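**Student:** Below is one structure. I have some questions about it.
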Amino acid sequence: KPLELCRLCEILDRYGLRTAAAPEANTDAGASMQPVEATLERKPVDLDQLRTIVGYDRDFMNELCETFVASSTRIVEELTRALSAGDRAVISAMAHKLKGGSASVCAHELAALAAALEKDAKEKPFPELERAVQSLRRAFDDAAGYVTSQMAA
């Protein structure tokens, strides 16, 4: 599940568990808790927020992003197969997985599309679900391409 740095630091402080190496819950971290629309510059992944969440650990961030791209690629493929098979339960389950993974790397738009698909999978007509999966696939391609290019830089 996605972490909120300032909330994590608050809990660690409460129980005396935060070390000197742990990031501070400063105004920059607090800014990451503002509404998504206020903090994003329409990038497919908010890497600044992700850096804050992972404590500026570049290796961990790279590993997290690589895992996101690999696992989400499989999930999007499974979504496409489930749509072709008319399997609403699998569509909903895969959308739920994608929602969590996307939120974990701060791919907010993709997470929102996955959340909507998860909900809609239960009763929306299949042509609408097909359009939703196509939008989701485009958003995933954008997020994966962006993350891959940024990690290579």
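**Student:** How would SER149, SER84 line up by accessible area, probe 1.4 Å, largest first?
**Tutor:** Descending accessible area places them as SER84, SER149.
**Student:** Sticking with this structure for a sec: For ARG81 and THR67 in one chain, what is 0.36 nm times their gap in residues minus the Cα-Cα distance, to one decimal in nm?
**Tutor:** Contour length minus the Cα-Cα distance gives 2.9 nm.
**Student:** Still on this structure, please answer the following. Two decimals is fine: what is log10 I(q)/I(0) at q = 0.18, 0.25 Å⁻¹ for the stretch 45-129, from a Debye sum with one equal scatterer on every Cα and no solvent?
**Tutor:** Each listed q maps to, in turn, -0.73, -1.12.
**Student:** Let me ask something else about it. At a 1.4 Å probe radius, carbon and sulfur cover how many percent of the accessible area of the stretch 92-153?
**Tutor:** Summing carbon and sulfur atoms, their accessible area is 54 percent of the total for the stretch 92-153.
**Student:** From the residues ALA143, ALA107, ALA132, which one has its Cα farthest along the dipole of the stretch 41-153 in the positive direction, the dipole being from +1 and -1 charges on Cβ of Lys/Arg and Asp/Glu about the Cα centre?
**Tutor:** ALA132
The values are calculated or read from the model by the stated rules, or taken from the named source; none is laboratory data. Everything quoted here is computed from the prediction, not taken from an experiment. Because the Cβ atoms are built from the backbone with ideal geometry, glycine has one as well, and the counts that use them run over all protein chains shown. For accessibility, only protein heavy atoms count, side chains too; no ligands or nucleic acids. Shrake-Rupley method; radii C 1.70, N 1.55, O 1.52, S 1.80 Å.
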